[in-house]
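Chemist: My questions all concern the structure below.
The values are calculated or read from the model by the stated rules, or taken from the named source; none is laboratory data. Remember, predicted model here, so these are calculated numbers, not experimental data. Backbone-built Cβ (ideal geometry, glycine too); neighbour counts: all protein chains shown. Keep in mind that these areas ignore ligands, DNA and RNA; they rest on the heavy atoms of the full protein, side chains included. Shrake-Rupley method; radii C 1.70, N 1.55, O 1.52, S 1.80 Å.
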Amino acid sequence: MRVPETRYARSGDLSIAFQVVGEHARDLVWIRGNVSDLETLWEQPHFVEYVKSLTEFSRVLVFDKRGTGLSDSVHGVPTLDARMDDARAVMDAVGSARAVLHASYEGARLAVLF
């Protein structure tokens, strides 16, 4: 699986780094819990295999949270509302009106709120 292009969505004054993997009609927004950048993740075989399995039934939208990875840095701890806006900005950038939310670790709180 090739490394997808990293794109950027505008969320207020910030740029949120994201990637789109797969081409299915169903969108899945993966709200990751780990702190890493999108491009480095593709060097991890377990990540690649997991994303590959998700693309069997969905188009996967994965992003770096504000203040992490390739997204713009922030001062202080972002609120869940601000992070929710970031997920919405990524969805808007690719024309996704509806998506399944998939979360891990602290990303689960954001998914529940969203």
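Chemist: Which order do Val112, Val29, Val3 take by accessible area at a 1.4 Å probe, largest first?
Modeler: From most accessible down to least: Val112, Val3, Val29.
Chemist: Compute the distance in nm between two label points, each set 7 Å from the Cα along the Cα-to-Cβ direction, one at Arg7 and one at His46.
Modeler: Output for this residue pair reads 3.0 nm.
Chemist: From the convex hull of the Cα coordinates of the range 1-44, what is the mean projected area in square nanometres?
Modeler: Value for the range 1-44: 4.1 nm².
Chemist: How big is the accessible area of Ser53 in square angstrom, nearest 10, if you roll a 1.4 angstrom probe over the protein chains?
Modeler: 50 Å²
Chemist: Restricting to DSSP H runs of at least four residues, report the calculated mean residue ellipticity at 222 nm for the chain, -39500 (n - 2.57) per run over all residues, nearest 500 deg cm²/dmol.
Modeler: The per-residue figure over the chain is -8500 deg cm²/dmol.
Chemist: Another one. What accessible area per residue comes out for the chain, rounded to a whole number of Å², with a 1.4 Å probe?
Modeler: I get 56 Å² per residue for the chain.
Chemist: Now for a different question. Once you have the Kirkwood Rh of the chain from its Cα pairs, apply Stokes-Einstein at 25 °C and 0.890 mPa s and quote D in µm²/s.
Modeler: Stokes-Einstein gives a translational diffusion coefficient of 175 µm²/s.
Chemist: What does the convex hull of the alpha-carbon atoms of the range 9-76 project to on average, in nm²?
Modeler: 4.9 nm²
Chemist: If ligands, DNA and RNA are left out, what is the accessible area of Arg32 with a 1.4 Å probe, given in Å² to the nearest 10?
Modeler: For Arg32, solvent-accessible area is about 10 Å².
Chemist: If DNA, RNA and ligands are ignored and the probe is 1.4 Å, what is the ranking of His102, His75, His46 by accessible area, most exposed first?
Modeler: His75, His46, His102
Chemist: Of the accessible area of the range 10-99, with the probe set at 1.4 angstrom, what percent is carbon plus sulfur?
Modeler: Ligands and nucleic acids excluded, carbon and sulfur give 48 percent.
Chemist: Over what distance in Å are the Cα centres of the range 91-114 and the range 19-83 separated?
Modeler: Here the two parts' Cα centres lie 10 Å apart.
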